[in-house]
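The values are calculated or read from the model by the stated rules, or taken from the named source; none is laboratory data. What you see is a predicted model, and the numbers here were worked out from it, not measured in a lab. FYI the Cβ positions are ideal-geometry reconstructions off the backbone, even for glycines, and counts take in every protein chain you see. Accessible surface is based on the protein model in full, side chains and every heavy atom, while ligands, DNA and RNA are left aside. Shrake-Rupley method; radii C 1.70, N 1.55, O 1.52, S 1.80 Å.
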Amino acid sequence: MAPISFVTASLGGKVKVKGLYDKKNDIEVDIPTGTQPDAVLTVPDQGMPLLNARRSSSRGNMMVHVRVVIPTKLSEKARQLLQELDKQEVISSSSEISERKKTTLWKQFKEFIETHFANKSN
């Protein structure tokens, strides 16, 4: 299981998870942009040993369940930023969002995060 923030789920990134066999070294998993809650990601060659494999070191894929963690407490600034994002009205109220609107949503969300969090030393 890989717990990630909703920002990482939205923008993408990397997360380290424990491997099945090498407990000392974590495995880095790429989180694609727009990862949905409860997604299952495939990590090649990190799973169970393959039966009847030509090489004894051959392994299958490891499956990583992504759990998006939503904060239960927000700072006032975080609350304001989320409310500002909500006011952008980029999410359609209908159950289906056109591809153009999806692209716009992710582009605007990424720009919003980069504008408000890029190069902040505080």
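Taking 26 Å as the cut-off for C-alpha to C-alpha distance, list the pairs among K18/K73; K73/K110; K14/K110 that go past it.
Beyond 26 Å: K18/K73.
Could you give the size of the charge dipole of the range 1-67 about its Cα centre, using +1 on the Cβ of each K and R and -1 on the Cβ of each D and E, expressed in debye and rounded to the nearest 20?
In debye, rounded to 20, the range 1-67 gives about 260.
Considering only DSSP states other than H, G, I, E and B, which trypsin sites (Lys or Arg not before Pro) in the range 1-85 qualify as loop sites with at most 14 other Cβ atoms within 10 Å?
Passing sites in the range 1-85 are K23, K24, R54, R55, K73.
Could you give each residue of the range 20-32 its phi-based ³J(HN,Hα) in whole Hz, using Karplus coefficients 6.51, -1.76, 1.60 with θ = phi - 60°, and x for Gly or Pro?
6, 10, 9, 6, 7, 10, 7, 9, 8, 10, 7, 9, x
Could you list which residues have their amide H under 5 Å from that of A39, counting only those 5 or more apart in sequence or on another chain, with H placed in the peptide plane?
Under 5 Å from the amide H of A39: V66.
For a quick check: with amide H placed at 1.01 Å from N, whose amide H comes under 5 Å from G34's, ignoring anything fewer than 5 positions away on the same chain?
HN-HN under 5 Å from G34: S10, L11, G12.
R59's amide H: which non-local residues (gap 5+, or another chain) put their own amide H closer than 5 Å, with H modeled 1.01 Å from N in plane and none for Pro or chain starts?
Answer set, sorted by chain and number: L50.
Quick one: 3J(HN,Hα) in Hz for the range 2-9, Karplus 6.51/-1.76/1.60 with θ = phi - 60°, rounded, Gly and Pro as x.
Coupling constants for the range 2-9: 10, x, 9, 7, 5, 5, 5, 4 Hz.
Heavy atoms only, 1.4 Å probe, whole protein assembly: order I4, I70 by accessible area, highest first.
Largest accessible area first, the list is I70, I4.
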